[in-house]
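Structure first, then comments.
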Amino acid sequence: MSGEDISVLLDEKRIFKPKEELVNQTNVKQWMDIHDIKDDKELYKKAGNWEWFWEEISKDLVEWYEPYKKVVEWKVPYVKWFVGAKYNIVHDAVDKHVKTWRKNKVAFIFEGEPGDVKKITYNDLYIEVNKLANSLKKLGVKKGDRVGIYLPMILELPIAMLACAKIGAIHSVVFSGFSAIAFRDRVNDCDAKVVITCDGFWRRGTKVYLKQQADEALENAPSVKHCVVVKRTGDGIPWTPSRDVWWHDLVFNSPKECETERLDANDPLYFLYTSGTTGKPKGIIHAHGGYAVGTAYTLNWVFDMKDTDIWWCAADIGWVTGHSYIVYAPLILGATSVLYEGAPNWPQPDRWWEIIERYNVTLLYTSPTSIRLFMKYGEDWVKKHDLSTLRLLGSVGEPINPEAWIWYYKYIGNENCPIMDTWWQTETGHFVISPLPITPLKPGSASHPLPGLAADVINEEGKPVQNAGGNLVITHPWPGMLRGIHKAPERYEKTYWSKFKGLYLAGDVTRKDSDNYFWIQGRADDVLKISGHRIGNSEVESALVSHPLVAEAAVIGKPHSLKGESISSFVVLKKGVEPSDSLRIKLQQHVSNELGKIAKPDEIWFVSDVPKTRSGKIMRRVIRAKALGEEVGDISTLANPEAVDEIGKAV
Ligand code: PRX
């Protein structure tokens, strides 16, 4: 985030008060009435007794097979929630609904990019999940085994996740926009026994042949015994008969009933890989019980989910937003959700507005990047459609600039819908800092930690700071908290728990204003945020260096009006290699092949050296300052201060 953006945020003084008629009928207000709580002050205060609070909250949301003995057990940095309970999240997401009137309620309205539509009820979902769960068992998948899922936004993706969870297997979903190599690395890190993919899918009117990418990955994935393939496009694809099986053949004749595995509430539900400052992506571990309570609670209160709502979280299930708020939380609450396969501006920039109008969407949750994209197309595309069903809006993934916030409020929400700016992370599992529909809003601020959650902003000495940037920390454990990093306990402890004793370090620079509103200003570490997606600077650097002509690379993020940040890289070529425009394009393509399109550098500058410390650490901060024309500070300790000038000349 640039200095200019920060100063805009600092100047933001507007306050949007919630409308009385909305406040009175909210889920949070009703809960307050039942618990004899007068106002939000008292609510936050009472929720400060967080063990009591989570116990109360969990009662309305989940059903244990066997009750817990203790709400929480906290031995820094490891937590257990609802200790001793027998549980499976699939019971709440699917099984319980088929015993009620919701059996015939639509769970998902799927719309493919070409326009094909399919609606499935909770009962349909129950049957499909059971059939696949039985089939996975037939393939030898057992409790604790890992299943790699490489699927686009089609109904089989939530079905596959739920089928794994049902039998106690751990799913590891890899975003379908990631490359074959990225998929392979993740499959190998978790030693997946089975992977699930599809022949291809639609994106911007063309087909993406995902099976070919999966095949490339599986050439070097020794743990994988079977590859289950969904037929989506119907085109001919390469086939390995000893390994590959069509989904429809596999589930054909598979029994429609499958007993849900009674797990320990703290057994792992999934791994989801996310980027960090250094090294390989981290396999973040989430567990069944606490995660179910935390995700369902936050969706229920923040978005005020009612049975009459049509919910659309327009993220991809390949990211945590989709895991928590397309799959698990809405299903636990028995909601009807929209699932859209394609690009937001295909075939025209009003595809989303068309979808909202067609299905009477009432709650929309998206990212600032998408909002800025639609702003660019202009409000005339919006005005062609009736969006009057909308009642609440949401934002996630990156700081929302007040200009985008106001545009969203005015043109999408018709000045009627509060905007829930939700701050959270892959690691947190669910919202941590977010307004409630009863909270006065300040555009650009995620407002306060939710009831039951506690966060603060502290300086390097660990002292709370106000009206100045500091480290965002979470000060006590929360139900959806990550349980570790797969195969890397030391990294888990070091990354999140070593800087400030007993406090979770989020890695974001944040400011708390005089009214205790939190303003998230961007990452404090070397993690990029491209269109709200996390990519490690070091991952892009390694991808560049893996090209045979590259000797060294340094990658920085630059402010970008649409994507929030863009990727700028400084590349040192091997001796004797001449820089050229064609090589620049080849390197961009190379990174795209290694990591996926979203990680493709926007800029590549050829330099003869990059600034480094005497111990050889690349000084990204210095490079960034120089490239942005900011003050670089003292560079006398660098091994090669002259390299800084070269950066200045290159850009
Ligand atoms: O920098 C923060 C930013 O996204 C990071 C987490 O990224 P990821 O794990 O990919 O999860 C994204 C979706 C939950 C955070 O450390 N971030 C997320 N939400 C916000 C945000 N920054 C500002 N405002 C937000 N509402």
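Tabulated data for the structure shown
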{"quantity": "The stretch 47-62 residues that are farther than 14 Å from Ala296 by Cα, paired with ones that are open to solvent by 10 Å² or more (accessible area, probe 1.4 Å) and small (Gly, Ala, Ser) (beta carbon under 8 Å, 6 or more apart)", "calculated": "Gly48/Ala454; Trp50/Ala454"}
{"quantity": "Boolean, Ile37 is within 28 Å of the chain's Cα centre (by Cα) and under 30 Å from Pro443 (Cα atoms)", "calculated": "no"}
{"quantity": "Condition check for Gly200: surrounded by 17 or more Cβ atoms within 10 Å (Cβ to Cβ) and closer than 20 Å to Ala160 by Cα", "calculated": "yes"}
{"quantity": "Selection from the stretch 405-457 of residues that are more than 16 Å from the ligand (Cβ to nearest atom) and in contact with a Gly (Cβ under 9 Å, 6 or more places away or on another chain)", "calculated": "Pro451, Gly452, Ala454"}
{"quantity": "Residue match in the stretch 599-612 (condition: part of a helix (DSSP H, G or I) and under 22 Å from the mean Cα position of the chain (by Cα))", "calculated": "yes"}
{"quantity": "Residues of the stretch 489-538 satisfying the condition of being more than 11 Å from the ligand (Cβ to nearest atom) and closer than 24 Å to Pro440 by Cβ", "calculated": "Arg511, Lys512, Asp513, Ser514, Asp515, Asn516, Tyr517"}
{"quantity": "Any chance Val555 is of a type in the set (Val, Ile, Thr), away from the ligand (no atom under 16 Å from the Cβ), in contact (Cβ under 8 Å) with a residue 60 or more places away in the chain and in a strand (DSSP E or B)", "calculated": "yes"}
{"quantity": "Leading residue by the ranking (modelled with the highest pLDDT) among those in the stretch 15-34 that are assigned to a loop (DSSP other than H, G, I, E, B) and surrounded by 13 or more Cβ atoms within 10 Å (Cβ to Cβ)", "calculated": "Thr26"}
{"quantity": "Any hit, the stretch 353-360, residues being aliphatic (A, V, I, L, M), buried (at least 24 other Cβ atoms within 10 Å of the Cβ) and over 20 Å from the mean Cα position of the chain (by Cα)", "calculated": "yes"}
{"quantity": "Strands (runs of 3 or more DSSP E) enclosed by the stretch 234-334 - at least 2 residues per element that are at pLDDT 95 or above, more than 16 Å from the ligand (Cβ to nearest atom) and under 25 Å from Leu218 (Cβ atoms)", "calculated": "244-246, 268-274"}
{"quantity": "Single match in Lys131, Lys193, Lys143 (criterion: touching a residue at least 12 places away in the same chain (Cβ under 8 Å), over 23 Å from the mean Cα position of the chain (by Cα) and within 20 Å of Leu210 (Cα to Cα))", "calculated": "Lys193"}
{"quantity": "Any hit, the stretch 549-568, residues being basic (Lys, Arg), modelled with pLDDT of 95 or more and open to solvent by 10 Å² or more (accessible area, probe 1.4 Å)", "calculated": "yes"}
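The values are calculated or read from the model by the stated rules, or taken from the named source; none is laboratory data. All figures in this text were calculated on a predicted structure; none of them were measured in a lab. Cβ: placed from backbone, ideal geometry, glycine included. Neighbour counts: every protein chain shown. We work out accessible area using only protein heavy atoms, side chains counted, and drop any ligands, DNA or RNA first. Shrake-Rupley method; radii C 1.70, N 1.55, O 1.52, S 1.80 Å.
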